[in-house]
1. How far apart, in nm, are the 7 Å Cα→Cβ label points at E145 and M46?
2. Tell me which trypsin sites (Lys or Arg not before Pro) from region 11-106 have a DSSP coil assignment and no more than 11 other beta carbons within 10 Å of their own.
3. Report the extension gain between D18 and K64 in nm, rounded to one decimal, defined as 0.36 nm multiplied by the number of residues separating them, less their alpha carbon distance.
4. Could you work out which residue, out of I23, I65, I99, moves most in a Gaussian network model of the chain, that is, has the largest mean-square fluctuation with Cα springs under 10 Å?
5. Report the residues of region 113-140 in range of a label on L154: point 7 Å along Cα→C-beta, backbone N strictly under 20 Å from it.
6. Roughly how big is the chain's charge dipole about its Cα centre, with Cβ charges of +1 (Lys, Arg) and -1 (Asp, Glu), in debye to the nearest 20?
7. Using a ≥ b ≥ c from the Cα gyration tensor of the chain (square roots of the eigenvalues), is it rounded, prolate or oblate, where a/c under 1.5 gives rounded and otherwise the larger of a/b and b/c decides, a/b for prolate?
8. Out of V41, V118, V27, any idea which swings most in a Gaussian network model of the chain, alpha carbons joined below 10 Å?
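Rule-based calculations on the coordinates, nothing more; no lab input. These numbers were taken from a predicted model, which means no experiment stands behind them. Cβ placement follows ideal geometry from the backbone for every residue including glycine, while neighbour counts extend to all protein chains displayed.
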Amino acid sequence: MGACSMERFFGASDHTIDEKGRIIVPVRFRQVLETLGSHGVVVSRMDKTLFVYPYGRWSEVAEKINSQAEKSDTMRRFRRFFIGNASDCPCDKQGRILIPPDLRSYAALEKDITLVGVTDHFEVWNREKWKSENAMMEEEDMKKEEVRNEIANLGL
């Protein structure tokens, strides 16, 4: 992937998930998918949220996980957790994806959600959990000297 922002997911925005479990993928995220030639995504779970990958990037992630799964029991368990719980979610004509019930339940997605771009994928958060995650970073993590040093090493 190049440095063009059209090939990256970034920013956060609040949305809702409907009673059937559908979410509208924001236009800026759909543009990334279109640039990558992806008509849908693969959704998996981690950190009590959902990770959403374009098809091509998902293949790369799965290959990395599979190569590590031969090296340890922990990575084999992680492969079962992350790949075994993944779901193919094609975009419909309205730019929506349907999140399966088990993934909605895992991430506690009921109505109010936040979509967060994280460069090569985006995440779907329960809105209150997203607010808590941000508060933890701001109120706890940023007060730790080692965290501030790591961020300073990035040149920020």
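1. In this crude spin-label approximation the distance works out to 3.1 nm.
2. Hits after loop and neighbour filter: K20, K71, K93.
3. Gain on extension, D18 to K64, equals 13.2 nm.
4. I65
5. Backbone N within reach: 115-125, 130-140.
6. With Lys and Arg at +1 and Asp and Glu at -1, about 440 debye.
7. Judged from the Cα gyration tensor, the chain comes out rounded (a/c under 1.5).
8. In the Gaussian network model the winner is V27.
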